[in-house]
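Below is one structure, written out as structure tokens; comments come after it.
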Amino acid sequence: MNSQNQKVLFITGVSSGIGFATADFYLKAGWFVIGTYRKTKDGEYFKNNFSKNFLGLEVDLTDYAKVDQIPEILKQNGITHVDALVNNAGVALAGPAEYQNFTEFQNIININVIAVFKVTQIILPLLKKSKIGARIVNISSVSGKNGTPFLGGYCASKHAIEGFSESLRRELNLYGMKVSIVAPGSIKTPIWGKGFDVVARAFDSTEYKDSFRKFLAFASSEVDHALPVEAVVYDINHALTNASPKLRYAPVPRKLQNWYLPKLFPLKIYDYLTCKALDLNKK
């Protein structure tokens, strides 16, 4: 690390999407960035272009014993404080709850929830040493407020992040730390393509075949309206640097349709419309 006065960001999941764009933004802004990824090749861009200001940690965040070793690794690299933590790493896998492989559900919860809790625990002592007022951003989703058919595991994980963030925000007020949620809608990142390609025809033998295909078609159409990843980075930067960060940011495309209307409709009506669109109303 170049200087003890340099701002330090710890961010999980920098291999692609929001994590990559955020790490790139802060490295170009002169911050020191500590980024986690699972494959060696995922850290090569940052190591090649920002060798003096980037520390890559090749770690599976569900290997909690290895996560416990991170503070010692940081100490060995001369890092004695962290100014900002962005819990970004996450996965999304779709399927009807009755038929989705249980290990997939476990994987979603392990990465999207338990790993967030674990990383936050081990980084908090370093955040408390920040001299500029530490910040935490937890990446949630529009699914952290709305429940979508065939995304039960993902929605459950993001609802958990919303609750965890609210509790954490109030606890860390003791130290004057700020905690914000950034909850995107459809963003142009690989996360959905990865999750949907795996299960595109996995449920063709079930009664959900037609409904699931309609869901996948809807999800694909949303990609056409997705926001650029820079919109999320903009909100993350506001949360980490503004004197009065918002408690929750919602970078959501077509906000009236995707954010405000679901909140205005009575739940029974919204349920009916959602189920009608996906052919899930009882015959």
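FYI, it's all coordinate maths here, none of it is from the lab. All values reported here derive from a predicted model rather than from experimental measurement. Glycine also receives a Cβ, built like all others from the backbone with ideal geometry; neighbour counts cover every protein chain displayed.
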Task: Where trypsin sites (Lys or Arg not before Pro) fall in DSSP loop in segment 125-161, at most 10 other Cβ within 10 Å - done: Lys131
Open item on the list: Based on alpha-carbon atoms only, what is the radius of gyration of the chain relative to the globular estimate 2.2 N^0.38 Å?
Closed with: 1.03
Task: Sequence of Lys268, Lys118, Lys7 once ranked by neighbouring C-beta atoms within 10 Å, starting from the fewest - done: Lys268, Lys118, Lys7
Task: Cut-off 17 Å (backbone N to label point 7 Å along Cα→Cβ of Phe102), residues of segment 132-154 - done: 153
Task: 16 Å reach of a label modelled at Arg38, 7 Å along Cα-to-Cβ, counting backbone N of segment 56-93 - done: 57-67, 88-93
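Fewest to most neighbouring Cβ within 10 Å: what's the order for Val229, Val116?
Neighbour counts put them in this order, fewest first: Val229, Val116.
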Open item on the list: Could you give each residue of segment 14-26 its phi-based ³J(HN,Hα) in whole Hz, using Karplus coefficients 6.51, -1.76, 1.60 with θ = phi - 60°, and x for Gly or Pro?
Closed with: 9, 6, 6, x, 4, x, 4, 5, 5, 4, 4, 4, 6
Task: Expected 222 nm ellipticity per residue - DSSP helices of 4 or more, -39500 (n - 2.57), all of the chain, to 500 - done: -12500 deg cm²/dmol
Open item on the list: Residue by residue through segment 111-122, what is 3J(HN,Hα) from phi via Karplus (6.51 cos²θ - 1.76 cosθ + 1.60, θ = phi - 60°)? Round to whole Hz and write x for glycine and proline.
Closed with: 7, 7, 10, 5, 5, 5, 4, 5, 4, 4, 4, 7
Task: lysines with Cα under 21 Å of Lys283, excluding same-chain neighbours fewer than 8 positions away - done: Lys209, Lys214, Lys268
TODO: Give me the angle, in degrees from 0 to 90, between the Cα long axis of helix 229-241 and the longest principal axis of the Cα atoms of the chain, rounded to the nearest 10.
DONE: 50
Task: Loop-resident sites, segment 31-107, for GluC sites (Glu not before Pro), counting at most 12 other Cβ within 10 Å (DSSP) - done: Glu98
- [ ] For every other residue with a beta carbon closer than 14 angstrom to the beta carbon of Leu278, add +1 if it is Lys or Arg and -1 if Asp or Glu, then tell me the sum.
- [x] +1
TODO: Pick out, in residue order, every one of the trypsin sites (Lys or Arg not before Pro) in segment 222-255 that is DSSP loop and has at most 16 other C-beta atoms within 10 Å; say none if there are none.
DONE: Lys246, Arg254
TODO: Quick one: compute the contact order of the chain, relative version, from alpha carbon pairs under 8 angstrom and 6+ residues apart, as a percent.
DONE: 17
- [ ] Neighbouring Cβ atoms within 10 Å as the yardstick, rank Ser143, Ser157 fewest first.
- [x] Ser143, Ser157
- [ ] Report, ordered by chain and residue number, the lysines lying within cross-link reach of Lys47, taken as a straight Cα distance under 24 Å and ignoring same-chain residues fewer than 8 apart.
- [x] Lys7, Lys28, Lys39, Lys66, Lys75
TODO: Just report the Cα centroid separation between segment 88-132 and segment 213-257, whole Å.
DONE: 19
Open item on the list: Expected output is a single nm value to one decimal: the length gained when fully extending between Thr80 and Asp279, i.e. 0.36 nm times separation in residues minus the C-alpha distance. What is it?
Closed with: 66.1 nm
